[in-house]
Amino acid sequence: MALLNISHVFKSYSAGGMFARRAQEVVRDVSFACEPGECLGIVGESGSGKSTLGRMIAGLEKPDRGIVHWEGRPVWDRRQRGCRISAVFQDYTSSINPFFTVEEAIMEPLRTSGMHKRKDRSSVDLLLEQVGLNASYRERYPHELSGGEAQRVCIARAIATEPHYIVMDEAVSSLDGSVQLLVLDLLKALRRKYAMSYMFITHDLQAAAYLCDRILFFKEGRVEEIIATEQLRNAQSEYARHLLRMVITS
Amino acid sequence: MKMRLLTNLLQDKLAVLSLAVIGLILAAGAMAPVFAPHDPNAVNMDLRYAGASWHYLLGNDHLGRCILSRLIYGIRPSVLGVLAALFVSVALGAFLGLVAGYFKGKTDAVIMRVCDIMLSFPGYVMTLAIVGILGVGLGNILLAFMLLKWAWFARIIRASVLQAAEADYIKFARITGVPSITILLRHVVPVVSADIAVVASSSFGSMILQLSGFSFLGLGVQAPNAEWGMMLNEARDVMFSRPELMLAPGLAIVLTVSAVNFMSDALQTALDPTLSKTNRKFREQASLPVKLRGKEVA
């Protein structure tokens, strides 16, 4: 059975004021599935609705129509979901509560899942070590971290509960080039270690191709094409070919 | 967390001073009979407008009453009463603002429309109406404050919750299944508490002045009882011949309001890790910014 099953999903937002009945469709009839351990890249421009799709996959929003099922159960049910889904976001400055130390931030999902009884402070050290930070970071506040460090802490926090899949919304997009590469390598290594699935949402085809097994091209709320990364040069759809040309010429 | 708050607060001299002033005022108000040297309502016509003396430290008013004693007894309605009313209305406003800002949608619409209705009436007119219905007296004025002010607080707090709820750490908490109430208490309240402190402390001063305004109209504290605003108004009659009579109640109001303002300022600084001084040693070694830019990926 597929880990994640998305079938005929629609989502629209009402535009205008309280009494306006106009609705803008952001996601239109999207269907795809994701296998356990797979890394799926969702590539699209800003405003294409890919972040809305990401929010629905993460269970933050309910689709208007269609199903988003995770292991056969609706993903927006918080109790069903537990701590088996996690996320990493683009904006590392607002990803960690400014009032929390690194340790408190990493302990939060553990505490929610009740895992903090099994896992103690040493597990925070271990998690930090796995993302390439040492134990001295534990007592630091988010404003004392650089972008790359903060994003590593977010990754450590995301893997703390050993989730089955992680939704990453532009997780490396706001980092500098060399740091991006380091974080992508880290994500690759962690995925092998924990056998997790990634949902890697980005506008950067290069980053997606570097990390993902399959790439989904997303445009104006629709799936244009889903293709394995090795097969990328054989992409059929106009949009995918256009993006590929952009990468080659740049 | 609590330890850090305390050490940060004690490092700030102004915070310690304002905390001491507030503590002293509250203690003096609560134990007024112990602190006051005389009966605040004892009339002594021989001592009308008497200046400061060893027996009457701040002099006497137009009825020869001890000003210091009246000042100390006046803490009760002016500071303790207003603080209680403020606490209730801020608590109510904060609760509704948090709920409206965090849950949005229909909940938000309903709460905000009620706020709109409350705010569409001028504050003084509504207070007059409530006093008209319930009758004259300090308790009813304070009740009117509680019933009216919450809408204003709810508005402001909602706005800051809306902004705070956009943060990615709240999205993360929701994804990993943290219950809404925990998110509100753990993530939203600390962030918006700075705004709550600012609006609460700034309206504290205006509430003291409003209360004195109503007392002047004869709707609040009744005549023989001491209240700072009423003392100011009594002194107003002799403003040109005896201007010094305004000093004692005027300075008391200024002192209290500024102590509360400084206190809320210091509290914010102590609570916010980005402003705290204790972590400076980390900050210097922590950030080694990577200055490389460009398209080096893949």
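Comparison of A:His143, A:His164 shows that the only residue that is surrounded by fewer than 23 Cβ atoms within 10 Å (Cβ to Cβ) and within 11 Å of chain B (Cβ to nearest Cβ) is A:His143. A:Arg192 meets all of the listed conditions (1) away from chain B (no Cβ under 12 Å); (2) at pLDDT below 85 but one, namely (2). Would a scan of the stretch B:250-269 turn up a residue that is modelled with pLDDT of 85 or more, in a helix (DSSP H, G or I), over 16 Å from the mean Cα position of the chain (by Cα) and away from every other protein chain (no Cβ under 14 Å)? Yes, the conditions are met somewhere in the stretch B:250-269. In the stretch B:78-94, of all residues being under 18 Å from B:Thr127 (Cα atoms) and touching a Ser or Thr at 6+ places or on another chain (Cβ under 8 Å), the one that is surrounded by the most Cβ atoms within 10 Å (Cβ to Cβ) corresponds to B:Ser78.
Considering each of B:Val191, B:Val199 in turn, give the residue that is crowded, with 17+ Cβ neighbours inside 10 Å and within 11 Å of chain A (Cβ to nearest Cβ). Outline the logic, then answer.
Numbers: B:Val199 fails: within 11 Å of chain A (Cβ to nearest Cβ).
Just a single option satisfies the conditions, and that option is B:Val191.
Give all pairs with beta carbons closer than 7 Å in which a residue from the stretch A:122-147 that is closer than 19 Å to A:Arg191 by Cβ meets a residue that is surrounded by fewer than 16 Cβ atoms within 10 Å (Cβ to Cβ) and of a type outside the set (A, V, I, L, M, F, W, C); count only pairs at least 6 apart in sequence or on separate chains. Final answer for the pair search is A:Leu128/A:Asn134.
Among the residues of the stretch B:209-243, those identified as part of a loop (DSSP other than H, G, I, E, B) and in contact (Cβ under 8 Å) with a residue 40 or more places away in the chain are B:Gly218, B:Leu219, B:Gly220, B:Val221, B:Gln222, B:Pro224, B:Asn225, B:Ala226, B:Glu227, B:Asp237, B:Val238, B:Arg242.
Filtering the stretch A:167-189 to residues that are within 7 Å of chain B (Cβ to nearest Cβ) and more than 16 Å from the chain's Cα centre (by Cα) leaves A:Asp176, A:Gly177, A:Ser178, A:Val179, A:Leu181. Condition first: within 12 Å of chain A (Cβ to nearest Cβ), in contact with a Gly (Cβ under 9 Å, 6 or more places away or on another chain) and surrounded by fewer than 21 Cβ atoms within 10 Å (Cβ to Cβ). Can you find one or more residues in the stretch B:159-172 that meet it? Looking through the stretch B:159-172, at least one residue is within 12 Å of chain A (Cβ to nearest Cβ), in contact with a Gly (Cβ under 9 Å, 6 or more places away or on another chain) and surrounded by fewer than 21 Cβ atoms within 10 Å (Cβ to Cβ).
Total residues in the stretch A:210-241 satisfying the condition of being surrounded by fewer than 19 Cβ atoms within 10 Å (Cβ to Cβ), within 14 Å of chain B (Cβ to nearest Cβ) and more than 21 Å from A:Ala2 (Cα to Cα): the figure is 1.
Every residue, every condition in (1) in contact with a Phe, Trp or Tyr (Cβ under 8 Å, 6 or more places away or on another chain); (2) aliphatic (A, V, I, L, M); (3) in a helix (DSSP H, G or I), yes or no:
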{"position": "A:Arg152", "(1), (2), (3)": "no, no, yes"}
{"position": "A:Thr161", "(1), (2), (3)": "no, no, no"}
{"position": "A:Val172", "(1), (2), (3)": "no, yes, no"}
{"position": "A:Arg191", "(1), (2), (3)": "yes, no, yes"}
{"position": "A:Tyr198", "(1), (2), (3)": "yes, no, no"}
{"position": "A:Ala208", "(1), (2), (3)": "yes, yes, yes"}
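Restricting B:Met207, B:Met231 to those that are within 18 Å of the chain's Cα centre (by Cα) and surrounded by 17 or more Cβ atoms within 10 Å (Cβ to Cβ) reduces the list to B:Met207. In the stretch B:175-188 there is at least one residue matching the filter, namely being among the hydroxyl-bearing types (Ser, Thr, Tyr), surrounded by fewer than 20 Cβ atoms within 10 Å (Cβ to Cβ) and either part of a helix (DSSP H, G or I) or within 14 Å of another protein chain (Cβ to nearest Cβ) (or both). Among all residues of the stretch A:28-45, there is none that is aliphatic (A, V, I, L, M), more than 15 Å from the chain's Cα centre (by Cα) and at pLDDT below 85. Selection of the stretch B:116-132 for residues being out of contact with any Gly (no Cβ under 9 Å at 6 or more places or on another chain) and either surrounded by 17 or more Cβ atoms within 10 Å (Cβ to Cβ) or closer than 16 Å to B:Leu217 by Cα (or both) yields B:Met118, B:Gly123, B:Val125, B:Met126, B:Thr127, B:Leu128, B:Ala129, B:Ile130, B:Gly132.
On the stretch given as the stretch A:64-99, residues that are more than 8 Å from every other protein chain (Cβ to nearest Cβ) and touching a His at 6+ places or on another chain (Cβ under 9 Å) total 8.
The values are calculated or read from the model by the stated rules, or taken from the named source; none is laboratory data. What you are looking at is a predicted structure, and each value in this text was computed from that prediction instead of being measured. Heads up, the Cβs are rebuilt from the backbone with ideal geometry, glycines too, and the neighbour counts pull from every protein chain shown.
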